[in-house]
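Inspection log for the structure reproduced underneath, given as C-alpha cells.
The values are calculated or read from the model by the stated rules, or taken from the named source; none is laboratory data. In this text, all values refer to a predicted model and were calculated from it rather than measured experimentally. Positions of Cβ are backbone-derived with ideal geometry, glycine not excepted, and every protein chain shown enters the neighbour counts.
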Amino acid sequence: MKQPPAWFTEAVTTPFEIHHVEVDGCAIRYLAWGDANKPGLVLVHGGAAHAHWWSFIAPHLTRDYRVVALDLSGHGDSGRRESYGRDIFAREVLGVIEDAGFQGKPIVVGHSLGGIVTIICAALHGERLAGAVIVDSPVRKPDPETQEGSRGRSFRNPKTYSSEEDAVAHFRLVPPQPCENDFIVDHIARHSLRETDAGWTWKFDKAVFPSSAPRPMAEYLKQVPCRLALFRGEWSVVVLPETAEYMYELLERNAPLVEIPQSHHHLFLDQPLAFVAALRALLADWEHSVPRRPAGAA
C-alpha cells in the first residue's frame with residue numbers, strides 16, 4: 001500500500017462528533033464535523049457502506065458548512081430493522097437533519113443507493129432542503145430499479161474471518177473496479193468491520209438488499225422541487241452517458257451534469273480532490289445565484 005498523502009491523513013485525523021437519533025424506532029448514528037453555526041451539508045453513503053466513506057471528504061468542506069454523514073439503518077453502527085426500504089432510509093436522512101439543528105436549509109449529497117435515497121427525500125421534502133446532489137445514482141429508462149438490488153447478491157452471505165487483516169484483504173468494491181488509492185480502500189474496509197466471538201465480519205445487515213421504493217424513481221426525480229445536480233464518473237458502469245442524459249431530460253435540462261474525469265462508480269475514491277473541487281464550485285454557485293425556473297413554471 002502506498003503512503004497516504006498529507007491531505008488524507010489530516011482529513012481522517014480531524015476530530016468529529018458522534019450523535020444518535022431515533023427514527024421510526026431505530027437508532028441512527030451520524031458523524032459531524034465543523035462549526036454548528038454554519039449551513040448544513042448532509043452526506044449519504046451507498047449500499048453496504050457507512051459514514052466513514054465520507055470521513056476523508058467531509059473535513060475539506062467545513063470551511064463553509066457544518067458537515068454530517070450518517071449510517072443508514074442496517075449499515076455501519078446504526079441499528080437494524082426487520083425490513084428496509086428506500087422511503088424508510090429517506091425518513092432517516094430527514095430525522096438526522098432535524099436532530100442536527102442546522103442553521104437554515106441543508107444540502108444533501110448522496111452516492112449510489114444514497115443518491116436514490118436523496119432523490120426520494122428531495123421529492124417528498126424538497127421544501128426543507130436548499131438542494132440535492134446525486135452522485136452516480138442511476139434512474140433508468142423505463143427505470144424499475146437501480147443496480148443495488150441485483151448487486152445485493154454480492155452481499156447475501158457475508159463471511160467471517162479469523163483476523164482483521166484477513167478480512168481487509170478480502171474487501172472488494174461493488175461493482176468491481178480498480179482504485180489506485182489503496183489507502184482509501186484500506187480506510188473504508190477497516191471501518192466496515194466488526195469483531196464477533198467467531199471472528200471479524202462486515203457491519204451491514206444482509207437483509208438491506210434489495211431495498212425498494214414505493215414508486216418508480218423517474219416519478220420521484222421529476223417531482224423534486226429544490227435545486228438538484230447530477231455527478232457521474234467518466235468510466236462509470238452504473239450511470240452510463242445515456243442514463244445521465246435520460247435523467248437530465250427528466251429534469252427538463254434544468255440541473256448541472258458534472259462528470260469527474262478518470263473515475264469509476266466510486267468516483268470520490270478514484271478522484272477525491274477533483275470531487276471536492278467540483279462540489280465546492282457547485283455549492284459556491286448555488287450560494288450566489290438564483291435558480292432558473294423550470295419550463296412552464298408560474
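Only one of (1) surrounded by fewer than 20 Cβ atoms within 10 Å (Cβ to Cβ); (2) assigned to a loop (DSSP other than H, G, I, E, B) fails for residue 263. Which number is that? All conditions are met except number (1). Reported count of residues in the range 169-215, each being in contact with a Gly (Cβ under 7 Å, 6 or more places away or on another chain) and over 22 Å from residue 74 (Cβ atoms), is 0.
Scanning the range 58-67 for residues that are assigned to a helix (DSSP H, G or I) and over 13 Å from the mean Cα position of the chain (by Cα) gives 59, 60, 61.
Applying the set (1) charged (D, E, K, R); (2) touching a Phe, Trp or Tyr at 6+ places or on another chain (Cβ under 9 Å); (3) without any contact (Cβ under 8 Å) to a residue 40 or more places away in the chain to residue 186 leaves exactly one unmet item: (3). Considering the range 195-211, and only residues there that are surrounded by 13 or more Cβ atoms within 10 Å (Cβ to Cβ) and out of contact with any helix residue (DSSP H, G or I) (no Cβ under 6 Å at 6 or more places or on another chain), the residue that is farthest from residue 271 (Cα to Cα) turns out to be 199.
Which members of the range 68-77 meet the condition of being in a strand (DSSP E or B) and out of contact with any Asp or Glu (no Cβ under 8 Å at 6 or more places or on another chain)?
Within the range 68-77, 68, 69 meet the criteria.
Out of curiosity, is residue 80 touching a strand residue (DSSP E or B) at 6+ places or on another chain (Cβ under 8 Å), closer than 30 Å to residue 168 by Cα and assigned to a loop (DSSP other than H, G, I, E, B)? Against the criterion (touching a strand residue (DSSP E or B) at 6+ places or on another chain (Cβ under 8 Å), closer than 30 Å to residue 168 by Cα and assigned to a loop (DSSP other than H, G, I, E, B)), residue 80 qualifies. Looking only at the range 266-280, which residues are closer than 19 Å to residue 177 by Cβ and surrounded by fewer than 18 Cβ atoms within 10 Å (Cβ to Cβ)? Within the range 266-280, 273, 274 meet the criteria.
Scanning the range 32-57 for residues that are under 16 Å from residue 107 (Cα atoms) and outside any loop (DSSP other than H, G, I, E, B) gives 32, 33, 40, 41, 42, 43, 44. Listed by first and then second residue, the pairs linking a residue in the range 11-31 that is closer than 15 Å to residue 50 by Cβ to a residue that is at pLDDT 95 or above and loosely packed, with under 11 Cβ neighbours inside 10 Å, with Cβ atoms under 7 Å apart and 6 or more places separating them unless they lie on different chains, are 29/18; 31/18.
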